[in-house]
1. Calculated FRET efficiency, residue 78 and residue 24, Cβ-Cβ r, R0 30 Å, to nearest 0.05?
2. Quick one: which of 114-126, 97-109 comes out on top by average Cβ neighbours within 10 Å, and what's the full order, highest first?
3. For residue 71 and residue 103, calculate 0.36 nm times their separation in residues minus their Cα-Cα distance, and state this gained length in nm to one decimal.
4. Which semi-axes, in whole Å and largest first, does the equivalent ellipsoid of segment 24-132 have when worked out from the alpha carbon gyration tensor as the square roots of 5 times its eigenvalues?
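None of the figures in this text is laboratory data; all of them are computed from the coordinates on show. The structure displayed is predicted, hence computed values, not measured ones. Every residue, glycine among them, receives a Cβ derived from its backbone with ideal geometry; neighbour counts consider all protein chains shown.
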């Protein structure tokens with residue numbers, strides 16, 4: 001009985017250690033536009049990029065192979081009210097979180113545009129090539 005418990009504890013310890021190894025987060029910002037990055041399955045990609053939805057413009061995913069790099073939930077938008085207190089219409093930061101799902105290469109492209117003006121091109125884009133190995 002004790003040997004079985006020890007085996008189960010050892011198994012879960014190995015699983016936790018492997019998960020921790022794949023728990024790496026790669027952080028990118030607007031300055032990383034055009035880069036090529038390498039990831040391993042299970043790693044996280046966090047892209048933080050400035051925007052101002054009060055102007056009607058929002059950041060959205062334009063293209064990505066979700067079989068290689070999956071979007072983890074909806075993008076998060078926040079304003080640092082401590083620094084911009086009392087200022088109406090100030091911008092903030094969009095945060096996109098992706099998880100490397102499987103091996104392969106994908107071009108991740110974000111666009112900053114007005115969804116209610118689909119005939120107009122984005123005013124800004126952000127693109128990275130992601131190699132998952």
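1. 0.80
2. The densest-packed peptide leads the list: 97-109, 114-126.
3. So the extension gain works out to 10.0 nm.
4. Result for segment 24-132: semi-axes of 26, 17, 11 Å.
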